[in-house]
């Protein structure tokens, strides 16, 4: 049986990192500047820490290391409803990889009848 580890709400978690680590506050005058300056770092911090934490917990439970798919609802929704834009594309983390993995697993399951 295929197993997928998915962490959703990436956009919210990136915003939280921006606020906690970089002092981002959307109500301040310099909000856009701070967002643009620190978004990539916050995004990478989320990706690195999430994958590290998930794999640490899997290892601790003596489970096989797995891919961790980090997605945001808004990006997945845009992808699935063909409401794609360059802004959406810039926020994609693992949405496309997750869809490919799910489709591949579904084809394998159908092929092998399991």
With springs only between Cα atoms under 10 Å, which of 99, 63, 18 fluctuates most in a Gaussian network model of the chain? 63
Taking the Cα atoms only, what angle lies between the long axis of helix 31-60 and the longest principal axis of the chain, rounded to 10 degrees? 30 degrees
Hey, what angle do you get for helix 95-112 against the long axis of the chain, alpha-carbon based, 0 to 90 degrees rounded to 10? 10 degrees
Determine the equivalent ellipsoid of segment 53-99 by diagonalising the alpha-carbon gyration tensor, then write out the semi-axes as square roots of 5 times the eigenvalues, largest first, rounded to whole Å. 29, 9, 7
For segment 8-61, list log₁₀ I(q)/I(0) at each q in 0.13, 0.31 Å⁻¹, using the Debye formula over Cα point scatterers of equal strength and ignoring solvent, two decimals each. -0.37, -1.17
Crossing angle, helix 10-22 versus the chain [Cα axis fit, 0-90 degrees, rounded to tens]: 40 degrees
Using a Gaussian network for the chain with springs between C-alpha atoms less than 10 Å apart, which of these wobbles most: 74, 50, 27? 27
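Semi-axes of the equivalent ellipsoid of the chain: what are they in whole Å, largest first, if each equals the square root of 5 times a C-alpha gyration tensor eigenvalue?
Square roots of five times the eigenvalues give 31, 20, 8 Å.
Just so you know, all these numbers are worked out from the coordinates, no wet-lab data involved. Because the structure is predicted, anything quoted here is derived from the model rather than measured.
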